[in-house]
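The values are calculated or read from the model by the stated rules, or taken from the named source; none is laboratory data. Given the structure is predicted, the values throughout are model-derived calculations rather than measurements. All Cβ positions, glycine included, derive from the backbone under ideal geometry; neighbour counts span all protein chains shown.
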Amino acid sequence: MKTKVRDVGDVRILDLEGKITIGAGDVELRQRIEESVGAGYNKILLNFGGVSHIDSSGIGELVGCYTTLSRRGGKMKLLNLTQKITDILHVTQLITVFDVYDAEPEALTSFNT
């Protein structure tokens, strides 16, 4: 998995690309979020536009990062989910846990409401 980091105001955007699977992205996802929190960002937007696949390990890491950030008073939201990833979140009922957006401006605005 590759990650491009962008900052828009007080929101850190992580543009994810590739697979978030055991040994190939799950650990990197956690590291990027920990780095962001360490840099003082507690509003994180994960852009899944370039993610081709996520497995149970990736989903578990996503939930773990969400929980860690929430406990620290932060927020993590998801952007540009593929239909396959959306289906996985529906099946696991995690779609009710995450705020999901299709447009970046709308997602960024949501952090301030």
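What number of residues in the stretch 44-71 are closer than 18 Å to residue 7 by Cβ and not hydrophobic (A, V, I, L, M, F, W, C)?
So the count comes out to 2.
Within the stretch 66-103, how many residues turn out to be of a type outside the set (Asp, Glu) and more than 25 Å from residue 9 (Cα to Cα)?
First pass over the stretch 66-103, keeping only residues of a type outside the set (Asp, Glu): 66-86, 88-98, 100-101, 103.
Retained after the next criterion (residues that are more than 25 Å from residue 9 (Cα to Cα)): 82-86, 88-96.
Residues that pass the stated criteria total 14.
Have a look at 12, 71, 32 and point out the one that is closer than 21 Å to residue 111 by Cβ and over 11 Å from the mean Cα position of the chain (by Cα).
71 is the lone residue from the list that is closer than 21 Å to residue 111 by Cβ and over 11 Å from the mean Cα position of the chain (by Cα).
Filter the stretch 64-96 down to the residues that are touching a residue at least 24 places away in the same chain (Cβ under 8 Å) and surrounded by fewer than 14 Cβ atoms within 10 Å (Cβ to Cβ) and list them by number.
Once the filter is applied, which keeps residues that are touching a residue at least 24 places away in the same chain (Cβ under 8 Å) and surrounded by fewer than 14 Cβ atoms within 10 Å (Cβ to Cβ), the stretch 64-96 yields 72, 73, 84, 92.
So, of the residues in the stretch 7-21 that are at pLDDT below 95 and among the β-branched types (Val, Ile, Thr), which turns out to be surrounded by the fewest Cβ atoms within 10 Å (Cβ to Cβ)?
21
In the stretch 22-42, how many residues are surrounded by 16 or more Cβ atoms within 10 Å (Cβ to Cβ) and either aromatic (Phe, Trp, Tyr) or under 24 Å from residue 9 (Cα atoms) (or both)?
Residues in the stretch 22-42 being surrounded by 16 or more Cβ atoms within 10 Å (Cβ to Cβ) and either aromatic (Phe, Trp, Tyr) or under 24 Å from residue 9 (Cα atoms) (or both): 8 in total.
Going by what's in this entry, would residue 45 be described as at pLDDT 95 or above, surrounded by 20 or more Cβ atoms within 10 Å (Cβ to Cβ) and not charged (D, E, K, R)?
Yes: the conditions hold for residue 45.
Quick one: would you say residue 81 is assigned to a loop (DSSP other than H, G, I, E, B) and either at pLDDT 95 or above or over 23 Å from residue 111 (Cβ atoms) (or both)?
For residue 81, the condition - assigned to a loop (DSSP other than H, G, I, E, B) and either at pLDDT 95 or above or over 23 Å from residue 111 (Cβ atoms) (or both) - is met.
If residue 106 passes every condition in (1) more than 17 Å from residue 8 (Cα to Cα); (2) over 14 Å from the mean Cα position of the chain (by Cα); (3) surrounded by fewer than 17 Cβ atoms within 10 Å (Cβ to Cβ) but one, which one does it miss?
(1)
Could you list all residues from the stretch 3-55 that are among the basic types (Lys, Arg) and either assigned to a helix (DSSP H, G or I) or more than 24 Å from residue 91 (Cβ to Cβ) (or both)?
If the condition is that a residue be among the basic types (Lys, Arg) and either assigned to a helix (DSSP H, G or I) or more than 24 Å from residue 91 (Cβ to Cβ) (or both), then 4, 6, 12, 30, 32, 43 are the ones that fit.
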